[in-house]
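Chemist: Before I ask anything, here is the structure I am working with.
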Amino acid sequence: MRLSAALLEIIIHYFFCFTCYTTNTNIMDSFEINKIVASILLIALLFIGIGKISNLIFHVDKPETAGYKVEIPESGTAKQIDDTKSETTEKIDIASLLALGDVGHGEKVFKKCSACHVVNKGGENKIGPALYGVIGRKIGAIENYKYSKALAAYGKEWTFEEMNGYLIKPQAHIKGTKMAFAGLRKEKDRASVILYLNQNSDNPLPLP
Ligand code: HEC
């Protein structure tokens with residue numbers, strides 16, 4: 001790079017001298033032009049030089065792979081997912097969850113539901129379907145109630161587990177349900193209201 005710049009300077013120098021000798025122009029003019037060209041070249045050389053020097057000083061080795069590597073412990077998470085999937089754990093969970101509840105408390109919690117539901121025998125549909133005997137019933141089974149497509153197509157039964165899942169966060173458990181209820185966060189509230197629903201039935205399910 002530096003060599004070719006120097007060569008260029010020599011070529012330009014001889015070109016100007018040659019033209020001024022042959023055309024017989026004022027030799028001073030050609031010297032002026034030479035000075036300008038030389039200073040431009042000098043500046044260019046300086047820039048190249050500075051670039052080279054700073055490269056030497058601030059030399060950075062490029063890493064083999066771009067970005068940061070994040071180590072993920074594989075075994076742990078996979079095992080956890082397996083555990084939650086296995087049926088036995090779910091059954092143990094629901095039994096110990098229901099043990100937290102009591103029917104009296106469930107009746108109180110149901111006040112939150114009673115804006116939209118009736119649970120008594122022979123109760124009508126309101127905003128939501130009648131809930132008498134709902135535990136153990138097919139999901140979306142009330143004939144004269146217009147369910148959302150999501151709930152109508154869900155195709156399962158209201159087991160204790162299903163009911164618990166739905167009441168934690170209805171919209172997350174059955175995506176597209178039109179039950180506009182945030183959910184019951186407290187385990188005791190869910191357990192109690194499930195027991196209360198189970199009691200309001202012709203044949204309550206035996207507790208797990
Ligand atoms: C804001 C009104 C509203 C409240 C409050 C509400 N629900 Fe619902 N619920 C609905 C509607 C609407 C549906 C029908 C959902 C659908 O079709 O997707 C429904 C459906 C249900 C179903 C399904 C019934 C079936 O026949 O399959 C259950 C069970 C249920 N609700 C329980 C509860 C419980 C328990 C509570 C209180 C903790 C509650 N809901 C609070 C409006 C409500």
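Chemist: As a quick test, which of the pairs LYS112/LYS175; LYS126/LYS186; LYS126/LYS169; LYS121/LYS149; LYS112/LYS169 have an alpha carbon distance above 24 angstrom in this structure? Provide the component values of the computation, followed by the final result.
Modeler: Numbers: LYS112/LYS175 21 Å; LYS126/LYS186 26 Å; LYS126/LYS169 21 Å; LYS121/LYS149 26 Å; LYS112/LYS169 14 Å.
Going by Cα-Cα distance, LYS126/LYS186; LYS121/LYS149 fall outside the 24 Å limit.
Chemist: Tell me which residues come under 5 Å, amide H to amide H, from GLU157 once H is placed; ignore anything under 5 positions away on its chain.
Modeler: Excluding prolines and chain starts, which carry no amide H, the hits are ILE139.
Chemist: Here's another thing I want to ask about it. Tell me the Kirkwood hydrodynamic radius of the stretch 91-199 in angstroms, computed as one over the mean inverse distance between distinct C-alpha pairs.
Modeler: Working: mean 1/r = 0.0716 Å⁻¹.
This gives a value of 14.0 Å.
Throughout, read-outs are computed from the coordinates displayed, never taken from laboratory work. Fair warning: this is a prediction, and the values are worked out from it, not measured in the lab.
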